[in-house]
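Engineer: The structure follows.
We did not get these values from a lab; they are worked out from the coordinates using the rules stated. Just so it is clear, the structure is predicted and the values come from calculations on it, not from any experiment. Backbone-built Cβ (ideal geometry, glycine too); neighbour counts: all protein chains shown.
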Amino acid sequence: MARRGPRWYFSFRSPYSWMAYRDLTGSHPDVAERIEWLPFWEPDESAQDHLERNDIALPYVAMSKEKHLYILQDVRRLARARGLEMVWPVDPAPRWEVSHLAYLAADELGAGREFIDETYRARWELGEDISDPETMGRIGKTLGLDPLVLAGAHQDPQIRERGLAALSSLHRDGVFGVPFFISGFDKFWGVDRLPDFVGTVRAHLDRHTVKED
């Protein structure tokens, strides 16, 4: 099997992933353009049943109250350090497949990166409910995409198949949280590990360029 290139796993749910996205695209656009982008989310019941039937177990652990309270403090601290204005969204009925499968639909239509940007902005800057299909439809309209396609992506059998493949990739790579970066055999977890990941990717690209010369 061919060795996969550098990649990162992101999630719209995670504020750390949002900040990693801002750091990656704002400070390291050359690396952002050369790596694979892969979504991470907690599967719904239907997807979980499929994974279990195929002996795929995702290493997701529910968050304790103590960890949640720490994250509230930590995220505000990190956001201030970056000069980011953020709000903490309220998720009345979280369905993470709604936004992440909508991303896969937008990506198929050639607007994956634009969708990521709008969805992160909706959740972490505007405090909107990205589990609401209507929010996905509005983002689709903003991007010039069919709003019904994005709003209904979580119910589309073909998009759900792509989603199952993405979740299987999480299992193969041993991803247990986001942001998660992989370069060769090296793995990096957390927004503070992004510079190390960038360094390994650039070193690899430099070696590849020297060999071609």
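Engineer: Quickly estimate the mean residue ellipticity at 222 nm for the chain, helices only: each DSSP H run with n ≥ 4 gives -39500 (n - 2.57), and the total goes over all residues, rounded to 500.
Structural biologist: -17000 deg cm²/dmol
Engineer: GluC sites (Glu not before Pro), restricted to region 43-85: which are DSSP loop and have at most 13 other Cβ atoms within 10 Å?
Structural biologist: Loop-located and lightly packed - E85.
Engineer: Write out the chymotrypsin sites (Phe, Trp or Tyr not before Pro) in region 36-104 meeting two conditions: DSSP loop, and at most 16 other Cβ atoms within 10 Å of their Cβ.
Structural biologist: Working: sites: W37, F40, W41, Y60, Y70, W96, Y103; in loops: F40, W41, Y60.
Listed in order of number, the matching sites are Y60.
Engineer: Size of the dipole of region 134-202 about the Cα centre, Lys and Arg at +1 and Asp and Glu at -1 on the beta carbon, nothing else charged, in debye to 20?
Structural biologist: Approximately 60 debye in magnitude.
Engineer: Please check which bits of region 128-144 a label hung off Q155 would reach, taking the label as a point 7 Å along Cα-to-C-beta and the cut-off as backbone N under 20 Å.
Structural biologist: 129-141
Engineer: Here are several values of Cα extents along the principal axes in Å: (1) 51, 41, 38; (2) 64, 42, 26; (3) 47, 42, 32. Which one was derived from the coordinates shown?
Structural biologist: Computed from the coordinates, Cα extents along the principal axes in Å corresponds to (1).
Engineer: Once Rh for region 23-68 is found with the Kirkwood sum over Cα pairs, what is the Stokes-Einstein diffusion coefficient at 4 °C and 1.567 mPa s, in µm²/s?
Structural biologist: Details: Rh = 13.9 Å.
Answer, rounded: 93 µm²/s.
Engineer: Can you tell me the length gained on complete extension of the stretch Q73 to V87, counting 0.36 nm per residue apart and subtracting the Cα distance?
Structural biologist: So the chain would gain 3.8 nm between Q73 and V87.
Engineer: Along each of the three principal axes of the Cα atoms of region 20-106, give the extent in whole Å, ordering the values from largest to smallest.
Structural biologist: Extents along the principal axes: 45, 37, 22 Å.
Engineer: How big is the charge dipole of region 63-182 about its Cα centre, in debye rounded to the nearest 20, if each Lys and Arg gets +1 on its Cβ and each Asp and Glu gets -1 on its Cβ?
Structural biologist: Here region 63-182 has a charge dipole of around 480 debye.
Engineer: Dipole of the chain, Cα-centred, from +1 at each Lys and Arg C-beta and -1 at each Asp and Glu C-beta, to the nearest 20 debye?
Structural biologist: That gives the chain a dipole magnitude of about 640 debye.
Engineer: Put +1 on the Cβ of each Lys and Arg and -1 on the Cβ of each Asp and Glu in region 29-126; which of L38, M63, G112 then has its Cα farthest toward the positive end of the dipole?
Structural biologist: Going by the Cα projections, it comes out as M63.
Engineer: Of P133, V90, H100, which is farthest along the charge dipole of region 7-212 in the positive direction, counting Lys and Arg as +1 and Asp and Glu as -1 at C-beta?
Structural biologist: The residue sitting most towards the positive pole is V90.
Engineer: Suppose a student asked you for the relative contact order of the chain, using Cα pairs under 8 Å spaced at least 6 residues apart; what percent would you report?
Structural biologist: Details: 266 pairs, mean separation 61.6, N = 213.
So the answer I get is 29 percent.
Engineer: What spacing in nm lies between the two simple spin-label points modelled at F176 and D146, each 7 Å away from Cα in the Cβ direction?
Structural biologist: Roughly 4.2 nm, to one decimal.
Engineer: For the pair R80/R121, report the inter-label distance in nm, with labels modelled 7 Å from Cα in the Cβ direction.
Structural biologist: Distance between the two pseudo-spin positions: 2.6 nm.
Engineer: Distance between Cα centroids, region 129-197 to region 45-80: provide it in whole Å.
Structural biologist: Comparing the Cα centres of region 129-197 and region 45-80, I get a distance of 14 Å.
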